[in-house]
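Inspection log for the structure reproduced underneath, given as structure tokens.
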Amino acid sequence: MGPRPSATAAALATLLATALAAGAPPRAPRYSVKEHYTKYELDLPMRDGVKLHTSVLIPKDRSRRYPILLLRTPYSVRPYGEDNYPAKRTLFTRYFRAGYIVVVQDVRGRFMSQGSFVNMRPMLAGDTGAKRDELGWRVDEGTDAYDTIDKLLKILPAHNGRVGMIGISYPGFYAATALVRPHPALRAVSPQAPITDWFIGDDFHHNGALILAPAFNFMAFFGKPRPLPTRKRGHPLFDIETQDGYDFFLRMGPLENADTRFFKGQVAFWKDLMQHGVYDAFWQARDLGRHLDRVRLRPAVLTVGGWFDAEDLYGTLRVYRALERGRPGARNRLVMGPWAHGGWDRVDGDSLGPLQFGAKTSRYYRKQVELPFFEHHLRGGKAPRLPKVLAFETGTNQWRGHPSWPPRGERRALCLRAGGGLAFEPPREQKGFDEYVSDPAKPVPFINFTNISMPREYMVEDQRFAARRTDVLAYQTAPLKQDVTLAGPIAPRLFVSTSGTDSDWVVKLIDVYPDDFPDPKPNPANLRMGGYQQLVRGEVMRGKFRASFEKPEPFVPWRATQVAFTMPDVYHTFRRGHRIMVQVQSSWFPLVDRNPQTFVDIYRAKPSDFRKATQRVYRTRKHPSCLEVNVLTGPR
């Protein structure tokens, strides 16, 4: 007589018989992390004695050895408790199934870890080793990553001696810091949408302009110090009692009112923002890119980002380029997809707002790119067939491989012309400008609906509502006779004047769809895509920083002045029959805080400082206003 079947086996047999009898195919048992993993919670001591709370999940099957995958986060390792396992859908779902030792750590000063939290803690210069200075132990996020890896290798069973790091957004920053002085066992790192510089282009400032709504909402969770380790999440410090963000921030008035009315002096990082209104030592110390510029690459790196990432598109490209300067090579790769912030991990990636991409791009990335990357470098699996740069070309909606980024093309100038025209030929007129009145009391909204936060879809929002305003200039080409593909950064070179002494200049690159463009399917919102003005890229330049982010300069009223800056990269094809449009305006609210249009410290501006201004954009032979772009030519 054979062995008696277990209760589980009997239950499965009954389930199978029932399903077959009903004529339906049997369902596979749902994967259970708890069934296959044992969870431990450790408090790992760093070189200065501070202990960091660390959640470790180890496969129960100890018959083989496993790579370690580490994520360091300020967002909590929850659920806490060794009997509480992660939710079914997490960043690590595919790695549990593949068989990894998964480690998640509360960074210094957050949740259950000891120590003090510092937003984007500055990296130390030089080799710190374990030396002391007059301030005590020298630590940064890189040394904490190093020490964590070192401790894990010594105490964990069943590992194969290879470690990888991964993280999206703030955790992407922590992953990137580990590259500055990497542990020898760190073999592969994937910084995804990593924060890199909070004054030039990530999250809270773009070209010195405060990105108001995201900064304001961030303060509720990161702005207030945590006195003791806790499992509790932060909670909003106030209730704004509205979802109309445009009205809320307009009624709030000058930025000083945020503290007096809402933060009540309790939010330290808001004070930092208000006290450091230029690119001073505070912000420069938080520029991770300047440290990565000097990295001599050892771990393999897969930097990942989305073309429609409203938060950290700048940081993604900055990290990749910094590492290329250190040591270019096949071990430093870039992936850019048609995603909003973190979209490659959270959704299927077949659409964003009304845009449809014709494929589940996120699923493809997770299965065919990210997992094979770690499998190869941490387990010795087959090398994935990945190009140096894997980028999704929007417009035509297809993946492209390139040996470098941006790909080699023809640098051309797309120039503003008379009568709202736009062309690749410079203007010939001796005189000519377009003007509008910018009123801080009635700023141009950044979306065509109201919301207190920043909708992810704003990066592809229909701009027809803005084109119809009198304080927005719009220029467009004739319908294109052939496809035009732009790949790389967009560099506006505007000649402008203002009747004031300061001004913001917002430039938007837009794809205007033909009138017969088909509607999306399914179409529950009953959208009409004919004539849609899709935002491809938009960026703000705070005019007083046009010559230097460290030393702002006023405008001389009415004097034609060049304002030149660089917008984040695009990879977009404007299809035949579409038009290319450029819009220029001086406010983008409440995405960007209001410029008073007088040369003052905006963070201490008074209501009387906010004044209307007449803005002019010139388009003459002497003062041509153009966007420098990289145009790909020939078959690809």
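Couple of notes before you dig in:
- Selection count, segment 239-253, where residues are farther than 17 Å from Val444 by Cα and touching a residue at least 12 places away in the same chain (Cβ under 8 Å): 3
- Subset tally (residues that are at pLDDT 95 or above and either surrounded by fewer than 16 Cβ atoms within 10 Å (Cβ to Cβ) or hydroxyl-bearing (Ser, Thr, Tyr) (or both)) for segment 449-487: 13
- Residues in segment 507-564 that are of a type in the set (A, V, I, L, M, F, W, C) and at positive phi: Trp558 alone.
- Restricting segment 168-198 to residues that are hydroxyl-bearing (Ser, Thr, Tyr) and assigned to a loop (DSSP other than H, G, I, E, B) leaves a set whose member that is farthest from Tyr75 (Cα to Cα) is Thr196.
Okay, residues lined up against (1) in the same structural domain as Val570 (by TED's automatic domain parsing); (2) aromatic (Phe, Trp, Tyr); (3) at pLDDT below 95:
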position: Ser499; (1), (2), (3): yes, no, no
position: Ser503; (1), (2), (3): yes, no, no
position: Lys508; (1), (2), (3): yes, no, no
position: Tyr513; (1), (2), (3): yes, yes, no
position: Phe517; (1), (2), (3): yes, yes, no
position: Lys521; (1), (2), (3): yes, no, yes
position: Val536; (1), (2), (3): yes, no, no
position: Ser548; (1), (2), (3): yes, no, no
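- All positions within segment 199-209 that are in a loop (DSSP other than H, G, I, E, B) and closer than 19 Å to Tyr170 by Cβ: Phe199, Ile200, Gly201, Asp202, Asp203, Phe204
- Restricting Tyr320, Tyr364 to residues that are aromatic (Phe, Trp, Tyr), under 20 Å from Ala176 (Cβ atoms) and at pLDDT 95 or above narrows the list to Tyr320.
The values are calculated or read from the model by the stated rules, or taken from the named source; none is laboratory data. Since the structure is predicted, the reported quantities are computational estimates derived from the model, not experimental observations. Note: ideal-geometry Cβ built from the backbone for every residue, glycine included; neighbour counts use all protein chains shown.
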